[in-house]
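I have placed the structure first, in the form of structure tokens, so that the comments after it can refer back to it.
The values are calculated or read from the model by the stated rules, or taken from the named source; none is laboratory data. These numbers come from a predicted model, not from an experiment. Ideal geometry is used to build each Cβ from the backbone, glycine not excepted, and the neighbour counts take in all protein chains shown. What goes into the accessible areas is simple: the full protein's heavy atoms, side chains included, and nothing from ligands, DNA or RNA. Shrake-Rupley method; radii C 1.70, N 1.55, O 1.52, S 1.80 Å.
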Amino acid sequence: MFHSCSEKIETDLTQTAFIPKPVSVEATGSAFVVNSSTIIYVQEGIQGLLPAAEILAKNINQLTGKSVATETVSSAPAKGIYLTVAADGGLAAEGYKLNIGEKLITVEGADAAGCFFGVQTLLQTLPVKVATDQPVYFPTGVVEDHPEFGYRGAMLDVARHFFNVEEVKQFIDFLAMYKMNVLHLHLTDDQGWRIEIKSWPKLTEIGGKTEVGGGEGGFYTQEQYKELVQYAADRQIMIVPEIDMPGHTNAALASYAELNCDGKATELYTGTKVGFSTLCTDKEVTYQFVDDVIRELAELTPGPFIHIGGDESHVTAHDDYVYFVNRVQQIVVKHGKKIIGWDEIANAELVNDVTVQFWDDIENTTMGVQKGAKVLMSPAARAYLDMQYDSTTHLGLHWAGYIEVDHGYNWDPATLVEGVTKDDIIGIEAPLWSETVTNIDEVEYMTFPRLPGYAEIGWTAPAERNWDEYKTRLAKHGKRFEAWGIDYYKSALVPWEE
Ligand code: TNX
């Protein structure tokens, strides 16, 4: 420990409350002191490293008022902070080795993503606040780390209530701090169509105009959507866009009469019922519509996935549903993307490389596995961010039960569903449905403090996870949430630090 007049300085790296918990942490008991001549160096010629350096610089600046410069270099510097990608491929995908010495900090990623995650680990060693006259330092040591699953995500329902570009960016920041790498955007539902489709402009002109409760709704122009994709990519997050169909489509059916079997446009809908709408599965125009939407969306999507929804199509006859999902899969494949769908899509014939998102139905999910699909784990009773914490929670729903912070944390994706093993699973995702969630403060309240737990389930091996130990680390993040202005649920199960 270093001592100064006002506070003692923690130089034991193993005392940092990392979330998610890294594979290994070793302390060497000294400190790297940041000053105004500290420079963040970035290895030349590696795409995607510069944003990590800029985010690190911005965080140091916000905390300390000191501005640190970033510079590109062709070889390792002797001092400063150096972001680099390992040449020899010795690290697991998205992995990193963070070596904090007294003079030099090296963040060596397996790839740019690994380097970004190493930077997030480094940032967690910083205190929440630093007095202006106090030094800022990193405790020395070595962290070696890599994730358990490649897909670690959250979903935001921007259809029931619309969230604007700035709000979505804030949500992306939350994911980034906990090394999550996917944001699934639920872009369309009965209550709203939120993405501009140039070949079908009324989708947003009409279908984007409202939301649950009758508010004004909104939508992203394609330019705004690209901005979100880039903002996420800079933080190593892929956006998975969802067009929910054939059910959950009232906003489209209200926008275009021809998509309805009776040729009449429906009224816009601002309630919260589910399962009452369907595209007309035996009209050719329906498939022209889907083709246009998927084509435009695929052009906006650098990542491999498009989510086709497929849930709760209660007014689509079974055979029509199967026929529709079969055709839509072909359309997605034609536009060069892979399919994700809610677990019901396992009732169709699945093409190669489909991912079934388990939310509710075990039989659908195991049927998907038998048909060769992979599984994304989003069990409603464990991972739904819109489920209430307990019976006193003023927001959210409880159809899948209450999810206190321990219940959300204490499960293993690889053993939760019989017949679905680790090899079948691409990862986990925590969806936030927004029937009851209307603004970013409410998003924060339902998301925190559960989100870090889902991040840890996705990142840290189950043998290394244990609620009683986790809750002491989570407790130390309360001050961080406060410093970031996050309105969170102060669960009595967590021994929050005062
Ligand atoms: C079920 S989860 C739905 C959504 C609702 C959610 C509310 C899923 C695939 N469908 O339409 O918003 O419950 O928790």
Projected area of segment 304-367, taken from the Cα convex hull and averaged over every viewing direction, in nm²? 4.0 nm²
Cα lying deepest toward the dipole's positive end in the chain, options H146, I339, L126, charges on Cβ: L126
Of all alpha-carbon pairs in segment 128-190, indicate the percentage at a distance above 17 angstrom. 61 percent
Using 14 Å as the cut-off for backbone N distance, which residues of segment 269-289 belong to the label zone defined by a point 7 Å from the Cα of W399 along Cα→Cβ? 271-277
For A78 and E54 in one chain, what is 0.36 nm times their gap in residues minus the Cα-Cα distance, to one decimal in nm? 6.6 nm
Near the amide H of W496, under 5 Å away, which other amide H atoms are found, from residues 5 or more places off or on another chain, if H is placed in the peptide plane? none
Multiply the residue gap between S36 and A87 by 0.36 nm, knock off their C-alpha separation, and tell me the result in nm, one decimal place. 15.3 nm
In 10 Å bins starting at zero, report the fraction of Cα pairs in segment 37-127 per bin as a rounded %. 19, 56, 23, 2
R0 = 51 Å: FRET efficiency of Q288 with Q170, Cβ-based, nearest 0.05? 0.85
Rounding to the nearest 20 debye, state how big the charge dipole of segment 185-330 is about its Cα centre with +1 on each Lys and Arg Cβ and -1 on each Asp and Glu Cβ. 140 debye
Do the sum for the chain: with -39,500 (n - 2.57) for every DSSP H run of n ≥ 4, divided by all residues, what is the mean residue ellipticity at 222 nm, to the nearest 500 deg cm²/dmol? -9000 deg cm²/dmol
Once the Cα atoms of helix 318-334 and of the chain are each reduced to a long axis, what angle between those two axes, in degrees from 0 to 90 to the nearest 10, is obtained? 50 degrees
How big, on average over all directions, is the shadow cast by the Cα convex hull of segment 309-430, in nm²? 8.2 nm²
Inter-probe distance in nm under a simple model that places probes 7 Å from Cα toward Cβ, at Q15 and E498: 2.0 nm
Report the rotationally averaged projected area of the chain based on its alpha-carbon convex hull, in square nanometres. 22.8 nm²
Can you give the accessible area per residue of the chain, in Å², using a 1.4 Å probe? 38 Å²
Can you give me the angle between helix 165-177 and the longest principal axis of the chain, using Cα atoms only, in degrees from 0 to 90, rounded to the nearest 10? 50 degrees
For the chain, with all protein chains present and a 1.4 Å probe, just round the carbon and sulfur fraction of the accessible area to a whole percent. 49 percent
Could I have the simple spin-label model distance between K422 and E44, label points 7 Å from Cα toward Cβ, reported in nm to one decimal? 4.2 nm
Just to confirm the number: angle between the C-alpha axis of helix 467-483 and the first principal axis of the chain, 0 to 90 degrees, nearest 10? 90 degrees
Placing +1 at every Lys and Arg Cβ and -1 at every Asp and Glu Cβ, with all other atoms neutral, what dipole size does the chain have around its Cα centre, in debye to the nearest 20? 1180 debye
Less than 17 Å from a label point 7 Å out along the Cα-to-Cβ axis of T392: which backbone N atoms in segment 483-498 qualify, by residue? 488-496
What's the whole-number percent of alpha carbon pairs in segment 94-173 lying beyond 16 angstrom? 65 percent
